[in-house]
Amino acid sequence: MFVSVSFSLVIYGVLTREVDRFSHMQGLRIERRMLIEQGLRPRNQPMSFKIVDLDLVREVKQRTIIMLGLINVIILVVSGILGYLLAGKTLQPIKEMVDEQNRFISDASHELRTPLTSLKTAMEVSLRDKNLSLNEAKKTIIESIGEADNLQSLSDKLLQLAQYQKINKDLVSLAIIANEAVNKVRPLAQKKKIIINNKVDNGEIKGDKQGLIELLVIFLDNAVKYSPEKSKVFLSSKKTDRSISVSIKDQGIGIEKKDLPHIFDRFYRADSARSKTNTGGYGLGLSIAKKIIDIHQGSVKIDSAPKKGTTFAISFPVLS
Ligand SMILES: Nc1ncnc2c1ncn2[C@@H]1O[C@H](COP(=O)(O)OP(=O)(O)O)[C@@H](O)[C@H]1O
Ligand SMILES: [Mg+2]
């Protein structure tokens, strides 16, 4: 608006000066012609009066002011509307981020509340019990420690979820990552006598080593958790010109069609996961996994049938 108004003032100044000059020149010319017609030599000095229609000059100036004013109003309205629309558009991602953050905070505090309440209730009940034996007290304490462990792992997971925003990108060997991930999940697998068949070939990905190990641990942990005893988990890799992919296949309970679109959501757990297997979990694993995949510009595909098993295929672009 400032630029437009200044510009208008300049235009107005130049235009009025031109109109004045024009009327002055016209006066001179008419005077010369009159003198020549009367057989007199025109004087070199300009005449002291102007022959102009002053009303016309005033009208031109007035019309100029009105036109410029109108143009400025139009500019004000158009730029106002455009500015409003563009600001809305630029602020949209920020708004989405803030909404997402608020949702995250409310989800997280809701999830933290439930175990905290049960922990508190258990302790209060024991405290009120006048005939509490030492053994019973110990049992309550052991249960409380278990609950506190769960809370700790939940808060660790929440931290992880917030943490994976920016990462280092080193060239890391897929085989090493797979090995380390399998080693981390092995104790859990051995408890259920599940064999993890690791057939990952050598290949390199540009990415964050710890993040990628964590990624495979999340999928392997699920594969073991949601599989019956003595089943098998297959880990393999495939390389093409453009991508390198890792798949994790299990013979477990599978995922129902209706749950598939949601399993990467925060705190989402399919009913079958809650009821059939008595495994702890907060439904955060896959949302962390999705985040790690996203920052590596990768993608993930699921192939699952209830009671048959699940295959997750993660694919990363090969960066040259
Ligand atoms: N390999 C799998 N087999 C069957 N269901 C799975 C598998 N992996 C994930 N799921 C389903 O997806 C849900 C979300 O997984 P995740 O985010 O790791 O949470 P959590 O394991 O803590 O429940 C699980 O609760 C489960 O219902
Ligand atoms: Mg999990």
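For this structure, a couple of remarks:
Let's see how each residue does on (1) near ligand 1 (Cβ under 8 Å from one of its atoms); (2) outside any loop (DSSP other than H, G, I, E, B); (3) modelled with pLDDT under 95:
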| site | (1), (2), (3) |
| --- | --- |
| Arg269 | yes, no, yes |
| Gly283 | yes, no, yes |
| Asp294 | no, yes, yes |
| Gln297 | no, no, yes |
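- Of the candidates Asn150, Asn168, Asn179, Asn183, the single residue that is at pLDDT below 90 and either open to solvent by 80 Å² or more (accessible area, probe 1.4 Å) or in a loop (DSSP other than H, G, I, E, B) (or both) is Asn168.
- Condition broken by Phe264, with the remaining ones in (1) in contact with an Asp or Glu (Cβ under 7 Å, 6 or more places away or on another chain); (2) under 27 Å from Ala108 (Cα atoms) satisfied: (1)
- Test: residue in the range 94-105 that is outside any helix (DSSP H, G or I), more than 28 Å from Gly252 (Cα to Cα) and in contact (Cβ under 8 Å) with a residue 24 or more places away in the chain: no
- Test result for Ser287, open to solvent by less than 20 Å² (accessible area, probe 1.4 Å), out of contact with any strand residue (DSSP E or B) (no Cβ under 6 Å at 6 or more places or on another chain) and more than 15 Å from Val172 (Cβ to Cβ): yes
- The combined condition, being under 21 Å from Gln251 (Cβ atoms), in contact (Cβ under 8 Å) with a residue 12 or more places away in the chain, charged (D, E, K, R) and crowded, with 20+ Cβ neighbours inside 10 Å, is not fulfilled by Lys192.
- Screening Gly280 with (1) surrounded by 14 or more Cβ atoms within 10 Å (Cβ to Cβ); (2) among the small types (Gly, Ala, Ser); (3) in contact (Cβ under 8 Å) with a residue 40 or more places away in the chain gives one miss only, at (1).
- Filter pass, Asp241 being more than 10 Å from ligand 1 (Cβ to nearest atom) and out of contact with any His (no Cβ under 6 Å at 6 or more places or on another chain): yes
- Residue within the range 301-312 that is modelled with pLDDT under 95 and more than 11 Å from ligand 1 (Cβ to nearest atom) present: no
- Looking only at residues in the range 199-212 that are out of contact with any Ser or Thr (no Cβ under 8 Å at 6 or more places or on another chain) and more than 13 Å from Ile293 (Cβ to Cβ), the one that is most open to solvent (accessible area, probe 1.4 Å) is Gln210.
- The residues listed here are Lys206, Lys238; of these, the one that is in contact (Cβ under 8 Å) with a residue 60 or more places away in the chain, of a type outside the set (Gly, Ala, Ser) and in a strand (DSSP E or B) is Lys206.
- Any hit, the range 154-170, residues being in contact (Cβ under 8 Å) with a residue 40 or more places away in the chain, in contact with a Ser or Thr (Cβ under 6 Å, 6 or more places away or on another chain) and among the hydrophobic types (A, V, I, L, M, F, W, C): no
- Selected residue [away from ligand 2 (no atom under 16 Å from the Cβ) and either over 30 Å from the mean Cα position of the chain (by Cα) or under 17 Å from Phe312 (Cβ atoms) (or both)] from Lys192, Lys199, Lys184, Lys206: Lys199
- Looking only at residues of the range 213-238 that are farther than 17 Å from Ala289 by Cβ and out of contact with any Gly (no Cβ under 8 Å at 6 or more places or on another chain), we find that the one that is least open to solvent (accessible area, probe 1.4 Å) is Ser236.
- Extreme residue, nearest to Gly285 (Cα to Cα), among residues of the range 239-252 that are at pLDDT 95 or above and open to solvent by 40 Å² or more (accessible area, probe 1.4 Å): Lys249
The values are calculated or read from the model by the stated rules, or taken from the named source; none is laboratory data. Small disclaimer: the values here were computed from a predicted structure and weren't measured. Cβ atoms come from the backbone with ideal geometry, glycine included; neighbour counts cover every protein chain shown. All accessible areas refer to the heavy atoms of the entire protein, side chains included, with ligands and DNA or RNA removed. Shrake-Rupley method; radii C 1.70, N 1.55, O 1.52, S 1.80 Å.
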